[in-house]
Every structure is written in C-alpha cells, then in structure tokens.
Amino acid sequence: MPLLLLTLALIALLALVALALPLSIISRYRAGTARRRARPWVALLNVISIGISTLLFLGTAVFSSLWVSGAFKYSAVGVVCGMVLGLVGLRLTRWEATSQALHFIPNRWLVLAITVGVFLRLSFGLWRVWKSWHASSGDHSWLAESGLAGSMATGAIVLGYYLTFWFGIWARARAVVGPSKQQG
C-alpha cells in the first residue's frame, strides 16, 4: 500500500510539473519583455554571476565530454552564438533615457524566440531521452544517444545571450547615469 501511494504521489508530482511548465514559460516571457530601469550595479552583478555560471557550465561541458561526444564543442559554439544573439538583442532593445534614469524594454520577438527555443529543446530532449533509454542497446550509452550535447548548446546560447546583453546594459547605463548617480 505505501508503494502504491508513493507511485501515485510521484505521478501527481510529474503531472503538476507538466501543467506548470507552460505557465512558467508564459510568466518568463512576460517578465522578459517588461520595462525595466537600467541600474549599473544590478547589471554588473548580473554580468559577474552569469560570467561565473558560464565558466562553470563550460567546465562541466569539458567533464561531460568524457561520456558525451561533442558536449564541449557544442557548448562553446552555443556560447558564441548566444553572444552574437546578445548583440542583436542590444541593438533591438528600446531605450528610454529620462533626466533621472535609463529604462530599457527588450525586443518581444527575440525574447519569445529564446523562450520558445528553450521550451522546444527541453521537450525534444525529454522525448529523445525517453526513446533512447528504451531503444539503447549494449554498445551505446543511452546518455550519449539522448542528445545531451544539443541541450547543452541550447543552454549555452542562453548563457551567452544574457552575458552579452547584461554587459551591454551595464556599459550603456554607466555611460548615461554616470559615476555620481550609480547608487539608485
């Protein structure tokens, strides 16, 4: 009986996660397209934390290359592609400078493309893991066949994008706000 209850609880939890995923994606899209104030210290904090995350991610990709061929290569290319996308994002961002602050509104279509791309890659990755787990033979690892390198590349694109995007916001906010007003 306890095993049955545990199984039902696990199925209910998975169903809840499956139902919450679209809502979290919609929420992420709404937050990603909101008008925000460009504060240099917030942008710099984001650059530092995303920079550390990117370095840790690439280190993990090197380690993962022992089991998944191409994991580091796909991740490195993903970071570079994300940086290019970040430059495009900065170019398409709407900037509003007032006498007291600088505000920015990221491009809706680019935020939507990144959000949908991550969702599709997660969905495809889960489907591919499921298929490769059931179809794997003794000669190949189901982990190597699951498409993990492609999923890592998608994550790397997001990291590269936000690293470049927040660096651009930091640079622009610093130039507009100036050193004397950076506390706000």
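When residue 104 is tested against (1) crowded, with 17+ Cβ neighbours inside 10 Å; (2) in a helix (DSSP H, G or I), exactly one condition is not met: (2). For region 64-92, the set of residues classified as part of a loop (DSSP other than H, G, I, E, B), in contact (Cβ under 8 Å) with a residue 24 or more places away in the chain and surrounded by 15 or more Cβ atoms within 10 Å (Cβ to Cβ) consists of 68, 70, listed by residue number. The residues listed here are 158, 116, 111; of these, the one that is at pLDDT 85 or above, under 19 Å from residue 83 (Cα atoms) and surrounded by fewer than 17 Cβ atoms within 10 Å (Cβ to Cβ) is 116.
Considering every residue within region 7-16, establish whether at least one is modelled with pLDDT of 85 or more and under 19 Å from residue 122 (Cα atoms).
yes
Taken residue by residue, region 52-66 has at least one member that is within 19 Å of residue 161 (Cβ to Cβ), of a type in the set (Ser, Thr, Tyr) and modelled with pLDDT under 95.
Please indicate, with yes or no, whether at least one residue in region 12-26 is surrounded by 14 or more Cβ atoms within 10 Å (Cβ to Cβ) and not aliphatic (A, V, I, L, M).
Scanning region 12-26, I find no residue that is surrounded by 14 or more Cβ atoms within 10 Å (Cβ to Cβ) and not aliphatic (A, V, I, L, M), so the answer is no.
The values are calculated or read from the model by the stated rules, or taken from the named source; none is laboratory data. From a predicted model like this one, the values you see are computed outputs, not experimental measurements. Ideal geometry is used to build each Cβ from the backbone, glycine not excepted, and the neighbour counts take in all protein chains shown.
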